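For reference, the structure is listed below as C-alpha cells.
Read the figures in this text as sums done on the coordinates, not as results from a lab. Keep in mind that what you see is a predicted model, and the values were worked out from it rather than measured. Every residue, glycine as well, gets a Cβ built from its backbone with ideal geometry; the counts of neighbours run over all protein chains shown.
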Amino acid sequence: MKKYIFLFLVIISVLSLISYITKKEKNLDNTFSNTGFEIVNTTKDSVLMYLTINAPADSTWVQNVDGIFGINSSQLQGSVWVQPNDTLKYTPTLSFSANVSFGTPPQNCPTEQFINGVNLFEWSVNVPKGSNEGLDLSCMAGVNCIMKIDLIGGSDWIANGKSVRAIKNKEMWHNTGIYGVFPYGCTNCTNTDGKQSCQNPNEKPNTEKICTPTRNTNEKGGKIRISFFGYTPVPAKQQK
C-alpha cells in the first residue's frame, strides 16, 4: 500500500512540475511576444536621434512618436537627445514601421551640413499575420554616421538564405557586399533604378539581394539594438 501511495505522490509531483514549466513558458512567450528596441549611444558626446514613423495603415499600427524613447510629440516624426553611453528602450504593443537617423531627419540628398548624405536604419515589425517583418540599414542616400544593429533573441533574420544577427555600415563608398545594408544610390539593392539624380556617382550595386533581412510574423520577438558609433569624417578631398 505504501508503495502505491509513494508512486501516486511521485506522479502528482511530476504533473505539477510540468504544469509549472508550461505556465512559465507561456508567460515568457507573452512577455517577449513583440519585438523590442534599444537605442545605444556608445560615444562620449550627446547625439540627437530622429524617429520617423511611416503613415499607419490603420489603428493596429503605432500612430505617432509620442512616448517612444521619451519623445514628446503627437506627430509622425520627433527627436530626442541620447546622452553619452546611455540606452533608450521601447517595446511596442502594436505593429511598428519606422526609421531612425542621427543628427538630422532623413534626407534624400547631401546637405551643407552632411555633404556625404545621411544613412538610416528602418524596419517593419510585429506585423499582421501573413506578412513578413523586415529591416535594413540604408546608405542609399549617403553616410553621415556609423551604426551597428544587433538582432538579439527571437528567431533568425534571413537575407538571401543567410542568417543575419548583426549589421554594421562602413564609411561612404564602402558598403557594397554587406548583408543588411543598401549601398549609396542602390535603390533595389542590386540596381539603381529610380535613384535620385543627386545620388551620383552611385556605389556598385550588389550582385544578390542581401540588403533586407526578413522573417515571418509568426516568428516575431527578441530585441533590436541600434548603436550609434559616431559621425563619419569627411574625406580630405571634400573638406572646405
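Laid out as a table, the results:
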{"quantity": "FRET efficiency for Tyr90 and Asn191, using Cβ-Cβ distance with R0 set to 35 Å, rounded to 0.05", "calculated": "0.50"}
{"quantity": "All-pairs alpha carbon distance profile, the stretch 80-136, 10 Å steps from 0, percent", "calculated": "18, 38, 33, 11, 0"}
{"quantity": "Per residue Cα convex hull volume in Å³ - calculated over the stretch 124-240", "calculated": "109 Å³"}
{"quantity": "Distance from the stretch 31-56 to the stretch 88-115 (C-alpha centre basis), Å", "calculated": "9 Å"}
{"quantity": "Derived scalar couplings ³J(HN,Hα) [the stretch 65-79; Karplus, 6.51 cos²θ - 1.76 cosθ + 1.60; whole Hz; x for Gly, Pro]", "calculated": "8, 4, x, 7, 6, x, 6, 10, 6, 9, 9, 7, 9, x, 9"}
{"quantity": "Within the stretch 57-159, GluC sites (Glu not before Pro) in DSSP loop having at most 13 other beta-carbon neighbours inside 10 Å", "calculated": "Glu112"}
{"quantity": "Neighbourhood charge, 13 Å Cβ-Cβ cut-off, centred on Ile39 and excluding it, Lys, Arg +1 and Asp, Glu -1", "calculated": "+1"}
{"quantity": "For the stretch 162-173, 3J(HN,Hα) per residue [Karplus equation, 6.51 cos²θ - 1.76 cosθ + 1.60, θ = phi - 60°, Hz, x = Gly/Pro]", "calculated": "10, 6, 10, 10, 8, 10, 8, 7, 10, 5, 3, 6"}
{"quantity": "Phi to ³J(HN,Hα) by Karplus 6.51 cos²θ - 1.76 cosθ + 1.60 over the stretch 148-158, Hz, x for Gly, Pro", "calculated": "10, 10, 9, 9, 9, x, x, 7, 5, 8, 10"}
{"quantity": "Interchain or long-range residues, amide H under 5 Å from Thr104's placed H", "calculated": "Tyr50"}
{"quantity": "29 Å Cα-Cα threshold exceeded, pairs from Lys195/Lys220; Lys89/Lys209; Lys170/Lys209; Lys170/Lys195; Lys129/Lys170", "calculated": "Lys195/Lys220; Lys89/Lys209; Lys129/Lys170"}
{"quantity": "The stretch 34-238 - convex hull of alpha carbons, volume per residue in Å³", "calculated": "118 Å³"}
{"quantity": "For Trp157, residues with placed amide H under 5 Å, excluding near neighbours", "calculated": "Val164"}
